[in-house]
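Just below is one structure, and these are the notes that go with it.
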Number of protein chains: 2
Amino acid sequence: MKKKISFGVIGFGTVGSGVVKLYLDNLDEIKKKLPFDLRLKTIAEKTKTSKEGIKTPRSIKITDDAYELINDPEIDIVVELVGGKTFAKDFIISAVKKGKHIVTANKALLAEAGDEIFGLCEKNGVEIGYEASVAGVIPIIRSIKESLAGDRVENIYGIINGTCNYILTKMTEEGKDFDEALKEAQKKGYAEADPTLDIEGIDAGHKIAILTSLSFGKKVDFKDIYIEGITKVTNIDIKFASQFGYVIKLLGISKKQGDRIEVRLHPTLIPKTHPLASVRMEYNAVFVKGYASGSILLYGKGAGMMPTASAVLGDVISIARNIANETVATVPIRGYISKFIDKGDILNVTDIVSKYFIRLMVVDKPGILAKISGILGKKNISIASVIQEGRNDEGGAVPLVIITHETQEKKLRDALKEIEKLNITFDKPAFLRIEESL
Amino acid sequence: MKKKISFGVIGFGTVGSGVVKLYLDNLDEIKKKLPFDLRLKTIAEKTKTSKEGIKTPRSIKITDDAYELINDPEIDIVVELVGGKTFAKDFIISAVKKGKHIVTANKALLAEAGDEIFGLCEKNGVEIGYEASVAGVIPIIRSIKESLAGDRVENIYGIINGTCNYILTKMTEEGKDFDEALKEAQKKGYAEADPTLDIEGIDAGHKIAILTSLSFGKKVDFKDIYIEGITKVTNIDIKFASQFGYVIKLLGISKKQGDRIEVRLHPTLIPKTHPLASVRMEYNAVFVKGYASGSILLYGKGAGMMPTASAVLGDVISIARNIANETVATVPIRGYISKFIDKGDILNVTDIVSKYFIRLMVVDKPGILAKISGILGKKNISIASVIQEGRNDEGGAVPLVIITHETQEKKLRDALKEIEKLNITFDKPAFLRIEESL
């Protein structure tokens with residue numbers, strides 16, 4: 001058994017600072033769990049200081065050159081916490097080629113270049129831990145790869161972006177509009193100054209890509225995933241959804257449909273009574289339906305200094321335990337053996353079948369509903385319920401909201417195009433998807 | 001790498017049938033996850049038939065002698081699913097001595113003889129998987145041992161008995177009384193013909209014992225745990241709890257208090273807004289607060305043929321993956337290294353500090369509340385709120401419900417004894433504990 005295992009951390013920002021702090025604060029407890037020394041040897045950071053003001057003892061070396069750490073033969077595990085797809089990728093590739101094991105929270109890189117990186121790790125016989133890349137502290141990666149190894153995932157649904165969940169919670173519970181809620185999220189540190197990656201759904205899209213690949217043992221091309229952020233969700237949508245018994249959540253959805261995979265990320269109406277509906281504020285949750293397991297929900301903080309650090313250090317310890325036992329990757333990096341992982345056949349979003357919530361701002365005059373329902377009928381789309389706001393202002397705009405039964409999205413889109421041509425709607429007809437059977 | 005790993009199942013009852021069914025149904029998928037053959041070689045069952053009518057192929061041997069399986073040199077992993085503390089213990093001990101790895105769902109045995117069994121496994125260099133022993137399919141054992149290995153658990157709260165949660169849900173949502181709700185649970189298969197172990201809290205007590213030991217790296221003597229079932233919870237309690245903003249759940253509670261441990265299992269008032277409050281019916285959930293992780297909730301089915309089978313087979317595969325890689329127990333069986341696991345110093349329940357819900361049936365006449373609050377005041381117990389039902393019937397019985405601020409349980413019990421002596425209450429004064437800061 002190897003008696004001393006060393007790791008280094010690249011990136012002394014929020015998460016890096018958290019990892020160092022947790023390691024230092026908790027070392028006495030960690031020692032009781034490991035029959036070997038786990039040493040944090042080096043931290044690499046351009047500015048040489050922790051973003052969060054973490055003080056480090058002299059025994060930990062701080063360098064501004066990541067390669068000093070990557071090339072250090074004493075270091076067994078490299079923790080990459082710089083993020084992004086350029087430097088981070090170079091660091092990981094160099095470290096893997098040097099035989100280092102990797103721990104990373106870099107969802108963007110894994111979603112877009114996972115194949116290349118995971119393949120390189122396998123080729124070089126090293127492990128890569130990426131629990132922190134999806135839903136922060138929630139142990140979803142390990143649960144799918146290990147706890148559910150004898151089972152099979154059928155569907156997976158995730159609230160996997162804390163920024164968006166915070167904004168939608170504020171809009172729903174306090175009636176704030178999108179811009180107000182976003183500003184508040186930024187003030188509280190839940191949203192970046194440039195919130196695009198979060199509010200446009202890119203970040204959550206990366207995570208559902210990783211979860212899909214892992215759940216079904218398929219390669220998933222990130223570009224094949226339908227992604228729609230929350231910027232177009234209005235307070236009117238939230239209010240009407242509530243009247244129909246739904247809340248709106250930014251949901252990553254992934255379902256096995258025979259040999260094909262349905263995977264998408266968009267604002268979704270879910271029943272108020274579903275456990276995911278009560279996931280509020282910056283919290284994340286992943287809901288898994290397994291063939292044998294039935295419904296499982298895992299809930300916790302999806303981001304933040306210390307929760308993410310907890311996930312990162314958990315991965316470091318798992319890998320260190322394997323190194324100490326002179327074994328490696330007893331569990332395949334992606335849960336499935338690589339040779340069985342083929343490209344997933346991903347359904348185009350226009351081919352999915354769903355219930356829909358249609359919101360129209362229509363001219364306030366009689367006969368409008370008849371025209372609209374006529375077009376829907378012609379396309380074989382049946383209406384489950386309708387709310388038409390009371391008229392105030394003949395010729396003005398009133399919201400008309402329709403819930404459909406299940407239909408193919410292509411048909412719905414065609415119908416909405418025809419409705420738009422009627423010139424009785426003010427805005428472009430808007431729609432949201434409803435997920436009821438989750 | 002070992003190319004063929006065999007396991008055997010002792011016990012072809014509900015869970016055993018589930019394991020066999022899942023293995024057979026899912027073998028194609030399992031093969032894609034393992035670089036070796038995982039073979040179910042033998043099933044041992046007195047009656048030689050599956051309780052659930054599962055058909056087995058000829059390649060699986062069925063015997064009525066568990067020792068045929070235990071003594072078979074080809075079998076690497078023995079899955080013990082007979083339950084109970086007699087035969088099961090003999091089977092496990094014999095198998096461990098033969099160098100077999102163990103998977104079990106036997107919470108009673110592990111809670112009461114865990115030390116002996118875990119110690120024997122370590123001595124014989126074998127693993128024991130027991131994910132299914134606590135909260136069925138919920139991956140709580142693995143999450144504490146592995147995902148949170150770099151962190152430390154501070155508090156843990158669990159709804160870990162599906163029978164009780166079903167009964168309390170029916171009482172709360174449908175106003176059923178205890179006996180009606182129990183009968184319904186029995187009819188639905190959620191309660192045994194003799195429901196004692198469930199409704200008296202023994203089963204859930206076993207589970208909180210295991211979780212406590214694992215979370216804090218301490219030996220826990222099951223007899224030191226304060227256990228109170230749900231048989232004394234009344235519809236009046238539930239109604240008043242609701243008026244104060246609480247729901248009543250049978251909750252396992254475990255907290256690190258400096259060097260001491262507070263661990264108890266009893267009906268508990270928790271705020272309606274807490275994620276645990278929305279865990280309904282036969283579902284289980286475990287809520288963990290870690291130093292770095294913050295709040296994590298894991299939710300799923302705590303029992304049942306297929307969910308439990310999913311957890312069992314997950315453990316079989318974890319162990320098989322280690323065997324194939326010629327390593328063993330890379331993760332210590334109890335999360336902590338054995339030599340650091342000492343006996344936990346468990347607080348007596350009378351020494352705990354809590355808020356309390358007191359329910360009295362008092363004589364319906366003026367001046368009663370003054371007398372009662374006088375006694376509470378003398379014991380330094382402050383009252384947070386009171387509901388006294390409107391009077392109908394001078395001299396008859398009316399409920400008086402008091403919520404206290406935090407106080408030591410010893411003081412509360414003393415005060416209630418004095419109140420009883422006043423001869424103004426009809427029943428013995430009853431109280432429940434409130435958990436608010438979870």
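The values are calculated or read from the model by the stated rules, or taken from the named source; none is laboratory data. This is a predicted model, so every value here is computed, not measured. Every residue, glycine among them, receives a Cβ derived from its backbone with ideal geometry; neighbour counts consider all protein chains shown.
Of all residues in the stretch A:402-412, how many are assigned to a helix (DSSP H, G or I) and either under 23 Å from A:K239 (Cα atoms) or without any contact (Cβ under 8 Å) to a residue 60 or more places away in the chain (or both)?
Initially, the stretch A:402-412 is screened for residues assigned to a helix (DSSP H, G or I), giving A:409-412.
Next, only the ones that are either under 23 Å from A:K239 (Cα atoms) or without any contact (Cβ under 8 Å) to a residue 60 or more places away in the chain (or both) stay: A:411-412.
Here the count works out to 2.
Check B:D351 against each of (1) under 30 Å from A:N322 (Cα atoms); (2) loosely packed, with under 14 Cβ neighbours inside 10 Å and name the one condition it does not meet.
Of (1) under 30 Å from A:N322 (Cα atoms); (2) loosely packed, with under 14 Cβ neighbours inside 10 Å, only one is false for B:D351: (1).
Can you tell me which residue in the stretch B:292-321 is surrounded by the most Cβ atoms within 10 Å (Cβ to Cβ), limited to those that are under 30 Å from B:F244 (Cα atoms) and either charged (D, E, K, R) or more than 7 Å from chain A (Cβ to nearest Cβ) (or both)?
Our first condition is that a residue be under 30 Å from B:F244 (Cα atoms); within the stretch B:292-321, this holds for B:294-302.
Within this subset, residues satisfying the condition of being either charged (D, E, K, R) or more than 7 Å from chain A (Cβ to nearest Cβ) (or both) are B:301-302.
Values: B:K301: 24, B:G302: 29.
The extreme case among them is B:G302.
Collect the residues in the stretch B:1-48 that are away from every other protein chain (no Cβ under 14 Å), within 31 Å of the chain's Cα centre (by Cα) and in a strand (DSSP E or B), keeping them in residue-number order.
Within the stretch B:1-48, B:S6, B:G8, B:I10, B:T42, B:I43, B:A44 qualify.
Please find, among A:G114, A:G99, A:G129, the residue that is more than 18 Å from A:I43 (Cα to Cα), touching an Asp or Glu at 6+ places or on another chain (Cβ under 7 Å) and among the small types (G, A, S). Let's see the steps before the verdict.
Numbers: A:G114 fails: touching an Asp or Glu at 6+ places or on another chain (Cβ under 7 Å); A:G99 fails: touching an Asp or Glu at 6+ places or on another chain (Cβ under 7 Å).
From the options A:G114, A:G99, A:G129, the qualifying one is A:G129.
Residue under question is A:L376, and the condition is that it be assigned to a helix (DSSP H, G or I), assigned by TED's automatic domain parsing to the domain that holds A:I419, closer than 23 Å to A:R413 by Cα and at pLDDT below 95; does it hold?
No, not satisfied.
The conditions are (1) touching a helix residue (DSSP H, G or I) at 6+ places or on another chain (Cβ under 7 Å); (2) at pLDDT 95 or above, and B:D342 fails exactly one of them. Which is it?
The single condition B:D342 does not satisfy is (1).
So in the stretch B:322-348, with the set limited to residues that are closer than 25 Å to B:V153 by Cα and hydroxyl-bearing (S, T, Y), which one is farthest from the other protein chains (Cβ to nearest Cβ)?
B:S338
Looking only at the stretch A:341-364, which residues are assigned to a loop (DSSP other than H, G, I, E, B) and of a type in the set (A, V, I, L, M)?
Just the residues of the stretch A:341-364 that are assigned to a loop (DSSP other than H, G, I, E, B), to begin with: A:341, A:344, A:347-348, A:352, A:364.
A:I341, A:L347, A:I352, listed by residue number.
Please go through the stretch B:76-113 and give me each residue that is in contact with a strand residue (DSSP E or B) (Cβ under 8 Å, 6 or more places away or on another chain), under 17 Å from B:L211 (Cα atoms) and in a helix (DSSP H, G or I), ordered by number.
B:L110
Looking at A:G53, is it on the phi > 0 side of the Ramachandran plot and more than 28 Å from the chain's Cα centre (by Cα)? Explain how you work it out, then say what you get.
Working: on the phi > 0 side of the Ramachandran plot: yes; more than 28 Å from the chain's Cα centre (by Cα): yes.
In short, yes.
Mind checking which pairs have a first residue in the stretch B:56-79 that is outside the structural domain of B:A320 (by TED's automatic domain parsing) and a second that is of a type in the set (G, A, S), Cβ under 6 Å, 6 or more apart or different chains?
Sorted first by the residue in the stretch B:56-79, then by its partner, the list stays empty.
Output the residues belonging to the stretch B:112-126 that are in contact (Cβ under 8 Å) with a residue 12 or more places away in the chain and either surrounded by fewer than 22 Cβ atoms within 10 Å (Cβ to Cβ) or not small (G, A, S) (or both).
Pass one, the stretch B:112-126, residues in contact (Cβ under 8 Å) with a residue 12 or more places away in the chain: B:112-115, B:117-122, B:124-126.
Once the filter is applied, which keeps residues that are in contact (Cβ under 8 Å) with a residue 12 or more places away in the chain and either surrounded by fewer than 22 Cβ atoms within 10 Å (Cβ to Cβ) or not small (G, A, S) (or both), the stretch B:112-126 yields B:E112, B:A113, B:D115, B:I117, B:F118, B:G119, B:L120, B:C121, B:E122, B:N124, B:G125, B:V126.
Is it fair to say A:L109 is away from chain B (no Cβ under 13 Å) and surrounded by fewer than 23 Cβ atoms within 10 Å (Cβ to Cβ)? Spell out the reasoning first.
Numbers: away from chain B (no Cβ under 13 Å): yes; surrounded by fewer than 23 Cβ atoms within 10 Å (Cβ to Cβ): no.
Answer is no for this residue.
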